[in-house]
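Trainee: Could you have a look at this structure, given as structure tokens, before my questions?
Every number here is computed from the coordinates shown, using simple stated rules; none is lab data. Since we're looking at a predicted model, the values are computed, not measured. Cβ sites come from the backbone with ideal geometry, for glycine too, and all protein chains shown count toward neighbours.
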Amino acid sequence: KMGKNIIIFFVLAMLVGCAVSHSSFIGNTTDIYPQKQEASDLLIFFEGDPPKREFQVIGMVYAEKHALNSLYIVKPKHIIEMLKRKALKAGADAIMDVRIAFAPTGVLDSNDRKLGEAKAIVFVKPNS
């Protein structure tokens, strides 16, 4: 019975809180843009692939995710989703120059940790 309780405890510990995450937006304009709702509408442009339309950078979005145990792997798609959610809240139409990097951890902490950053942009509407 004691062995079964220990196994249940470890399974629950692994399922609860697999990672700690944080994201932020730092604006570079005083303009305010309405928050967007649909993540599927937000476009992504990686480094070296700029948008073809005219745009304005409204700020930078940052994301970090750190696994709490060595069994959990932080995937790049997790970081991209965090960047997209933060950019949507800032009113961005797209994120560009997306960069994701492995972040080294301490000697006693070998758990996976990744950082991401991107420029949040809005497309300039042509004058009618």
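Trainee: Suppose R0 equals 35 Å. What FRET efficiency, 1/(1 + (r/R0)^6) with r the Cβ-Cβ distance, do Lys125 and Tyr72 give to the nearest 0.05? Working shown, then result.
Mentor: On the way: r = 43 Å, r/R0 = 1.21.
Efficiency computed from Cβ-Cβ geometry: 0.25.
Trainee: Among the listed pairs Lys52/Lys89; Lys36/Lys114; Lys75/Lys114; Lys77/Lys125; Lys77/Lys114, which are separated by more than 20 Å between their Cα atoms?
Mentor: Cα-Cα > 20 Å for Lys52/Lys89; Lys36/Lys114; Lys77/Lys125; rest within.
Trainee: May I ask you to order 85-98, 30-43, 51-64 by the average number of other C-beta atoms within 10 Å around their residues, highest value first? If you can, show how the numbers build up before the last one.
Mentor: Working: 85-98: 20.6, 30-43: 10.7, 51-64: 16.7.
Averaged packing, sorted descending, gives the order 85-98, 51-64, 30-43.
Trainee: How far, in nm, would the chain grow between Lys52 and His22 when pulled straight, counting 0.36 nm per residue and subtracting the alpha carbon separation? Working shown, then result.
Mentor: Details: separation 30, 0.36 × 30 = 10.80 nm, distance 3.08 nm.
Between Lys52 and His22, full extension yields 7.7 nm more.
Trainee: How long is the gain from Lys89 to Ile32 if the chain were fully straight, where each residue apart is worth 0.36 nm and the alpha carbon distance is subtracted?
Mentor: 19.4 nm
Trainee: If you don't mind, there's one more thing I want to ask. Based on a Kirkwood Rh over C-alpha pairs, give the Stokes-Einstein translational diffusion coefficient of the stretch 33-77 at 4 °C and viscosity 1.567 mPa s in µm²/s. Mind dumping the intermediate values first?
Mentor: Values: Rh = 14.3 Å.
D, rounded to a whole number, is 91 µm²/s.
Trainee: Additional query: If I stretch the segment between Ser40 and Ala103 completely, what's the gain in nm (0.36 nm per residue apart, minus their alpha carbon distance), one decimal?
Mentor: 19.9 nm
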